[in-house]
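The block underneath contains the structure these notes are about, expressed in structure tokens.
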Amino acid sequence: MLTMRGLSFSTSLSLFYVISCFYLTNTVATARLPNIIIMLMDDMGWGDLGVLGQPSKETPNLDAMAAQGMLLPNFYTANPLCSPSRAALLTGRLPVRNGFYTTNAHARNAYTPQEIVGGISKDEILLPVMLKKKDYVSKIVGKWHLGHRPQYLPLKNGFDEWFGAPNCHFGPYNNTNRPNVPVYNNSEMVGRYYEEFEINNAESNLTQIYLQEGLDFILRQTRAQKPFLLYWAPDATHGPVYASKRFIGKSQRGRYGDAVMELDYGVGQILLLLKSLGIDNNTFVFFTSDNGAALISGTQGGSNGPFLCGKETTFEGGMREPAIAWWPGHIKESSVNFQLSNVMDLYTTSLAIAGISAPGDRVLDGLDLTPVLLNNSSSLKDRPIYYYRGNELMAVRLGQYKAHYWTWSNSWEQFKTGINFCPGQEVPGVTTHDQMNHTLQPVIFHLGRDPGEKYPISVLSKEYMDVLSTFTPIVQQHQKDLIPGVPQLNMCDLAVMNWAPEGCEKLGKCLKPPDSKPWKCFWPH
């Protein structure tokens, strides 16, 4: 069993590369389907990468990845919060279609805390399920966040392997009112955060463990000559942020920067292994984040660069993400493509790379980006980007223009307690603390001239009227055709928390749940 206390990472990694080189020199390469690696960071902002302007320049491996591949500056998530964006990635569908939203209050973000009753719907077809059509072996390393009850876990939804946790690493808890979150190895827990897997004053070996799990999986599948999907989803940049002792205190940016440096190191180690195994030309790798940096976290949060606000909001800082595509021999080095794209495209693009037809019985919001990635085309440039908060369409981007149909950062009540999603960035009439309905007269920005969404285009101008006449039929058609999924994030119950996950008996870690008393979840944002 791999635990925080039992890992000598440097020794393990050295042995790992010795074994890797052995198999590299003793295995005859054979043509097979491309491997797919999706690296999804947690709350990492657009402005956290050196290649995107972070002045500390502490992401040399990601910057090199961009130099060897393609940078996508106009890449978006599907929701400004963790769970819905991850559900969108793995289903290729907007959260309002796949059910990862709430109807308990208007325009509220929702996710999967321990007390959530729901999870990913059995009616959704996740990416690893589709890849099984071509015998891909799939593994998730890190944060799942699509429901923690047994029927919602990764191995029930197409993944063959899992090492990680179903929820955020909040805690520590005293196990009376709320249990510490479990860490799973496949279908059984192997410990809990803050117990077997320590996070002590922002120090933790979890990122190194997640890296080792990813490297080991790549090596095993290469040795078996099996095509694979690795979904690498470490969560060190989600508050409370953490890094291992080797990286603590190394960044100019404090503890958050330490976490970024360690993740950057992990990316470098994964790409290095692909090269050493000679499979880099046969492995598509994509790096991005689940939502914008959490500015409310203060010194534990990242940077959204020039963009307005951050996580929880549908301003650019909440939903525009760092994105790098890497596939030597296929994606042109040092290329930059301004195609409007989003995390749901990874579903459709992965299927195209694997030679698998997309499911024809449902609406997919993701598009196939292979013309963009492989030919540096901009053939999809006119596609819209939809910004949802709950089941409300808040904004739409088309080309360089963005129209806000609703504006809201967070409530006056929360703002007055110090909760601020736009610290130092308030824009009058835009970052509103009341929910403002602009459906009859949207607030429109030109993001090329004004990426920070500070200067709305005058409603009296010809430019405004021309833009509005383009947007209106597209938005009306989208709303007319939309069939929302059954909301999965409405009900909560203390009895469904991680009291007794599978495997707890072997560890003596089972806890007695309280009586079931479900209620409608309260979502403040």
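Here are the numbers for the structure shown:
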quantity: 1 or more residues within 16 Å of the chain's Cα centre (by Cα): qualifying helices (runs of 4 or more DSSP H) within region 50-155; calculated: 82-91, 95-98, 127-131
quantity: Residue identified as in a loop (DSSP other than H, G, I, E, B), at pLDDT below 95, of a type outside the set (Phe, Trp, Tyr) and open to solvent by 20 Å² or more (accessible area, probe 1.4 Å) among Gly305, Gly360; calculated: Gly360
quantity: Residue within region 396-406 that is farther than 25 Å from His478 by Cα, out of contact with any Pro (no Cβ under 7 Å at 6 or more places or on another chain) and among the polar types (S, T, N, Q) present; calculated: no
quantity: Pair list, Cβ under 7 Å, 6 or more apart: region 322-344 residue outside any loop (DSSP other than H, G, I, E, B), other residue modelled with pLDDT under 95; calculated: Ser335/Asn376
quantity: Tally, over region 409-423, of residues that are open to solvent by less than 80 Å² (accessible area, probe 1.4 Å), part of a loop (DSSP other than H, G, I, E, B) and either acidic (Asp, Glu) or free of Cβ contacts under 8 Å to residues at least 40 places away in the same chain (or both); calculated: 1
quantity: Matching entry among Thr431, Thr439 (being surrounded by fewer than 19 Cβ atoms within 10 Å (Cβ to Cβ) and polar (S, T, N, Q)); calculated: Thr439
quantity: Per-region count, region 117-129, residues out of contact with any Phe, Trp or Tyr (no Cβ under 7 Å at 6 or more places or on another chain) and either small (Gly, Ala, Ser) or open to solvent by less than 10 Å² (accessible area, probe 1.4 Å) (or both); calculated: 3
quantity: One residue from Pro150, Pro166, Pro172, Pro182 being under 21 Å from Lys506 (Cα atoms) and open to solvent by 60 Å² or more (accessible area, probe 1.4 Å); calculated: Pro150
quantity: Subset of region 98-113 (residues that are in contact with a Lys or Arg (Cβ under 7 Å, 6 or more places away or on another chain), at negative phi and open to solvent by less than 10 Å² (accessible area, probe 1.4 Å)); calculated: Thr102, Asn109
quantity: Single residue of region 486-502 satisfying the filter (assigned to a loop (DSSP other than H, G, I, E, B) and in contact with a Phe, Trp or Tyr (Cβ under 8 Å, 6 or more places away or on another chain)) that is surrounded by the fewest Cβ atoms within 10 Å (Cβ to Cβ); calculated: Asp493
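The values are calculated or read from the model by the stated rules, or taken from the named source; none is laboratory data. Given the structure is predicted, the values throughout are model-derived calculations rather than measurements. Glycine gets a Cβ as well: all are built from the backbone with ideal geometry, and neighbour counts include every protein chain shown. Surface accessibility is based on the protein's heavy atoms, side chains included, excluding ligands, DNA and RNA. Shrake-Rupley method; radii C 1.70, N 1.55, O 1.52, S 1.80 Å.
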